[in-house]
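What follows is a single structure, written as structure tokens, with notes after it.
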Amino acid sequence: MFHIWLDDKKLHVPDSREFRKLSAAELDTELNKAGTLNIKIPPVHILYNSITNLKNCITVYDDDDMIFKGRVIKQSADYKNLKTVTAEGEFAYFNDSVFQPSKIGEYNTAQLLPEIINSHNKQVDECRQFQVGNIEPYVFCVTSLKIYNSMRFLQDEVIKSTGGYFSVRYEKDVRFLDFSLLPGVEDTSTKIEFGVNLLDINKYIDSTALYTCIVPYGETDKNTGKPLDITSVNAGVNYVENAAAVAEFGRIFKPVEFKGFTDPEMLYSEAIKFANSVVAEAITLDLTAIEMRQIDFQNPYGVFKQGNYYKVISKPHGVNEFFLCSKKKTNLFLPENNKVQLGHTRKRLTDFI
């Protein structure tokens, strides 16, 4: 059962009269996003006039598990004065601060992310601060010394460069920010199966995006006018390849710019990582499934946890593998309308061999 609180007051009491009940509540969450909660409050509700934007916090529990916590950011009312209130998840607190890198060049997430969190904490009130959580190390390059909005830096520099995932976690009322290169685990306790809980499946293929070799280049040398390449550290060869993919598809080249790189060894190292992480063939599978156990608690098909991988079985579509649960839409009062979206897991050239 879901429980909804406004700060320390119960916002929704399911078995009470209308002055203690919400009319509707829907939660949208997505990996590396703050998440959004939309609720509808009837004008007779006892807390109807007690909600202030950016001041009040709404928390949602699924039994004892906190599944959302965030601040109110928007309110509106229709002609019957039914009020819609929108709250954004706590990860969005990083929109309230700025961050400026100290140098252009390589950073390790294990050192940089604590620096960003500490910088953020110095600029905001205690209620919007984070503690440094579990940070998985990864080396990447920052190419600008401009002043960023902290959220934009996390999204545009850290996430895009590393392919990693942020998550907010609580331990004994202490808020932590975690970072990992993989979002979760393979959950074998439940699955998605055609004819049971699989609602929709769409497959997109773009073979023109296939390439097996990359030619990396960095910053342009002011003296020669030529961009940095890897020939000096790669036996005179200016490209890197994935041998397994070349054996299957042949050599298909693509130039890739690495902004901010001035050292050939660093460029070579980053090119190898890139070659092993790019999507070789642009295959996208979008799946939509329903959470059966929210409708029937005895159903063996369980609740999906965002960030975990689940087995998808659909013989008509030729699918039998694990997919990442990337988005969830949770209707707190109409569980039959709950949906999850799963994306394709293949991220490496060798995964297509």
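Readers should treat all values here as calculations from the given coordinates under stated rules, not as data from a laboratory. Worth saying up front: this structure is predicted, and the values here are computed from it rather than measured. Cβ atoms come from the backbone with ideal geometry, glycine included; neighbour counts cover every protein chain shown.
Hey, got a sec? Which chymotrypsin sites (Phe, Trp or Tyr not before Pro) in the range 14-87 land in a DSSP loop and have at most 11 other Cβ atoms within 10 Å? Working shown, then result.
Numbers: sites: 19, 48, 61, 68, 79; in loops: 48, 79.
Sparse-neighbourhood loop chymotrypsin sites (Phe, Trp or Tyr not before Pro): 79.
Give me the net charge for the shell around residue 133: Cβ to Cβ below 15 angstrom, other residues only, Lys and Arg +1, Asp and Glu -1. Display every interim value, and only then the final one.
Working: positive: 169, 172, 175; negative: 90, 115, 136, 171, 173, 178.
That sum, taken over residues with Cβ under 15 Å, equals -3.
Would you list, by chain and number, the lysines whose Cα falls below 17 Å from the Cα of residue 103, excluding same-chain residues fewer than 8 positions away?
Those lysines meeting the cut-off are 146, 259.
Could you calculate the contour length gain from residue 110 to residue 186, that is, 0.36 nm times the residue separation minus the distance between their Cα atoms, to one decimal place in nm?
In short, 24.8 nm is gained.
List the aspartates and glutamates whose alpha-carbon lies under 12 Å from that of residue 74, not counting same-chain residues fewer than 8 positions away?
By straight Cα distance, residue 74 reaches 88.
Which trypsin sites (Lys or Arg not before Pro) in the range 240-276 pass both tests, a DSSP loop state and at most 16 other beta-carbon atoms within 10 Å?
Sites meeting the loop and neighbour criteria: 251, 259.
What number, in nm² with one decimal, is the all-direction average of the projected area of the convex hull of the alpha-carbon atoms of the range 2-91? Before the final figure, lay out the partial values.
Details: hull surface 22.7 nm².
Averaging across all directions leaves 5.7 nm² for the Cα convex hull.
In the Gaussian network model of the chain, springs joining C-alpha atoms below 10 Å, which of 57, 213, 127 carries the largest mean-square fluctuation?
Comparing 57, 213, 127 in a Gaussian network model of the chain, the most mobile one is 127.
How would you rank 51, 192, going from fewest to most other Cβ atoms within 10 Å of each one's own Cβ?
Details: 51 20, 192 26.
Exposure proxy ranking, most exposed first: 51, 192.
Consider a paramagnetic label point 7 Å from the Cα of residue 49 along Cα→Cβ; state which residues of the range 62-79 have an amide N under 18 Å from it.
Hits in the range 62-79 for residue 49 at 18 Å: 75-78.
If each Cα of the range 1-48 is one equal point scatterer, what is log10 of I(q)/I(0) from the Debye formula at q = 0.13, 0.23, 0.28 Å⁻¹?
Values returned for q = 0.13, 0.23, 0.28 Å⁻¹ are -0.33, -0.85, -1.09.
Working from Cα positions, state the angle (0 to 90°, nearest 10) between the long axis of helix 109-123 and the longest principal axis of the chain.
Rounded to the nearest ten degrees, it is 40.
Could you work out the helix-only [θ] at 222 nm for the chain, with each DSSP H run of four or more residues adding -39,500 (n - 2.57) and the total divided by the number of residues, to the nearest 500 deg cm²/dmol?
Taken over the chain, the calculation gives -3000 deg cm²/dmol.
What is the order of 304, 140, fewest Cβ neighbours within 10 Å to most?
Lowest count first: 140, 304.
Just subtract the alpha-carbon distance of residue 202 and residue 215 from 0.36 nm times their residue separation and send over the number in nm, one decimal.
1.4 nm
Size of the dipole of the chain about the Cα centre, Lys and Arg at +1 and Asp and Glu at -1 on the beta carbon, nothing else charged, in debye to 20?
So the magnitude is around 860 debye.
Over every pair of different alpha-carbon atoms in the range 211-275, take the mean of 1/r and invert it; report that Kirkwood radius in Å.
Answer for the range 211-275: a Kirkwood hydrodynamic radius of 12.0 Å.
Measure nothing but the geometry: give the 0 to 90° angle between the long axis through the Cα atoms of 264-275 and the longest principal axis through the Cα atoms of the chain, rounded to 10°.
Approximately 50 degrees, to the nearest ten.
Using 0.36 nm per residue, how much length does the chain from residue 274 to residue 315 gain when fully extended, once their Cα-Cα distance is taken away?
Full-extension gain reported as 11.4 nm.
Taking the Cβ of residue 228 as the centre, find all other residues whose Cβ is under 10 Å away and add up their charges (Lys, Arg: +1; Asp, Glu: -1).
-3
For residue 43, what charge total do you get from the other residues with a beta carbon under 9 Å from its beta carbon, if Lys and Arg give +1 and Asp and Glu give -1?
Every neighbour counted, the sum reads +2.
Considering only DSSP states other than H, G, I, E and B, which trypsin sites (Lys or Arg not before Pro) in the range 35-111 qualify as loop sites with at most 13 other Cβ atoms within 10 Å?
Those satisfying the criteria are 55, 80, 103.
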